[in-house]
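The values are calculated or read from the model by the stated rules, or taken from the named source; none is laboratory data. Only a predicted model underlies this, so the values are computations on that prediction, with no experimental measurement involved. So basically every Cβ, Gly included, is an ideal-geometry build from the backbone, and we count neighbours across all protein chains shown. What goes into the accessible areas is simple: the full protein's heavy atoms, side chains included, and nothing from ligands, DNA or RNA. Shrake-Rupley method; radii C 1.70, N 1.55, O 1.52, S 1.80 Å.
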Amino acid sequence: MELLPLSPRGETPVRALTIAGTDSGGGAGIQADSRTMAMCGVHACVAVAAVTVQNSVGVRGFHEIPAATVADQVRCVVEDIGVSAAKTGMLPSIRIIEAVAEVCTEVGIGRDRPVPLVVDPVCASMHGDPLVHADALDAIRNVLLPQATVVTPNLDEVRLITGIEVVDDASARRAAEALHALGAQWAIVKGGHLRSSETSTDLLFDGDRFLEFSAPRIATGNDHGGGDTFAASIASALAHGRSVPEAVEFAKEWVTKSLEWAYDLGQGHGPVNPLWRLHENPPAQ
């Protein structure tokens, strides 16, 4: 794979912003986003939307950050530092979703705007623990998705958002069309959770054409943070100036490699590991 470039010593790297929740276990959320962005040569700025109480076994609870504070984080970062791409993750309430959508419009983030936005519509943890209030689903559909340059749900999130159970290629195409109809410029239906398949195939749709990105399925239970890593690597590639299809192709290879390097952590699911780049492509001395 062609890696994203690292900045020379002393040179300011490209910047990207993640608007998401924390993971106290360090496997997903803003921690996963920041790790991947750093390994992709991107300076990660953050707007914390929620603080979770979780480990490798599950999520025990979460605390929302006030919506105005979330928006202020976005505003102050963009006004001073500037970003070339942004992504969302866990946005647990209607108030936060609406505040993020409003401030993104204000500062030029989102589809058809100067700064592309990757929407990872996080609804539940990989353990099935809810990460949004039930009434926030409508706001994800009607407020957040129309802002998306690209939306990256997993199959459980596809079902919650569109009502479509993806079981094969035909249902994946219907789901991609439904996501696009909700307003996303590009819609991805990921095949990583379709365990019956020997390959993991992601489907990308822009309202006109379908593109497929396939990789061998990695046999590991250590896939915590895989969705965050995928979306963050898309945002990183977009920040470096790649097109959406190029960014998705890069992200597919990146997350597959990160799954190959995943490790055990705690008593539950360990995290995917983007630090493989340090081993396979050590930085120059």
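A few comments on the model shown:
- Filtered residues of the stretch 52-65 (kept if surrounded by fewer than 17 Cβ atoms within 10 Å (Cβ to Cβ), assigned to a strand (DSSP E or B) and not charged (D, E, K, R)): V53, G61, H63
- Pick from the stretch 6-16, criterion out of contact with any His (no Cβ under 7 Å at 6 or more places or on another chain) and open to solvent by 10 Å² or more (accessible area, probe 1.4 Å), ranking: nearest to Y263 (Cα to Cα): L6
- Qualifying residue in the stretch 17-34 (condition: in contact with a helix residue (DSSP H, G or I) (Cβ under 8 Å, 6 or more places away or on another chain) and open to solvent by 40 Å² or more (accessible area, probe 1.4 Å)): no
- Subset of the stretch 175-191 [in contact (Cβ under 8 Å) with a residue 40 or more places away in the chain and of a type in the set (A, V, I, L, M)]: L182, A184, I188
- Set A44, A20, A49: member being assigned to a strand (DSSP E or B) and touching a Leu at 6+ places or on another chain (Cβ under 6 Å): A49
- Within the stretch 95-113, the set of residues being part of a loop (DSSP other than H, G, I, E, B) and either of a type in the set (S, T, N, Q) or in contact with a helix residue (DSSP H, G or I) (Cβ under 6 Å, 6 or more places away or on another chain) (or both) comprises just one member, G110.
- Taking the criterion of being assigned to a loop (DSSP other than H, G, I, E, B), closer than 19 Å to S34 by Cα and out of contact with any Ser or Thr (no Cβ under 9 Å at 6 or more places or on another chain), the residues of the stretch 66-94 that qualify are I81, G82, V83, S84, L91.
- Annotation note: Cβ proximity below 7 Å between a residue of the stretch 63-83 that is under 13 Å from V46 (Cα atoms) and a residue that is among the hydrophobic types (A, V, I, L, M, F, W, C) and assigned to a loop (DSSP other than H, G, I, E, B) (sequence gap 6+ or interchain) occurs for V77/V83.
- Applying the set (1) at negative phi; (2) touching a Cys at 6+ places or on another chain (Cβ under 9 Å); (3) crowded, with 20+ Cβ neighbours inside 10 Å to V77 leaves exactly one unmet item: (3).
- In this structure, P274 does not qualify as at pLDDT below 95 and either in a loop (DSSP other than H, G, I, E, B) or over 18 Å from M37 (Cβ atoms) (or both).
- Taken over the stretch 244-271, the criterion of being within 15 Å of P216 (Cβ to Cβ) and assigned to a helix (DSSP H, G or I) is satisfied by K252, E253, W254, V255, T256, K257, S258, L259, E260.
- Out of A235, A215, one residue alone is open to solvent by less than 20 Å² (accessible area, probe 1.4 Å), of a type outside the set (S, T, N, Q) and either in a strand (DSSP E or B) or free of Cβ contacts under 8 Å to residues at least 40 places away in the same chain (or both). It is A215.
- Hits in the stretch 184-212 (condition: modelled with pLDDT of 95 or more and open to solvent by 30 Å² or more (accessible area, probe 1.4 Å)): Q185, D206, G207, D208, R209, F210, L211, E212
- V167 meets all of the listed conditions (1) β-branched (V, I, T); (2) outside any strand (DSSP E or B); (3) at pLDDT 95 or above but one, namely (3).
- Test result for V119, crowded, with 20+ Cβ neighbours inside 10 Å and within 14 Å of G227 (Cβ to Cβ): yes
- The single condition among (1) over 28 Å from L4 (Cβ atoms); (2) among the β-branched types (V, I, T); (3) over 17 Å from the mean Cα position of the chain (by Cα) that I97 does not meet is (3).
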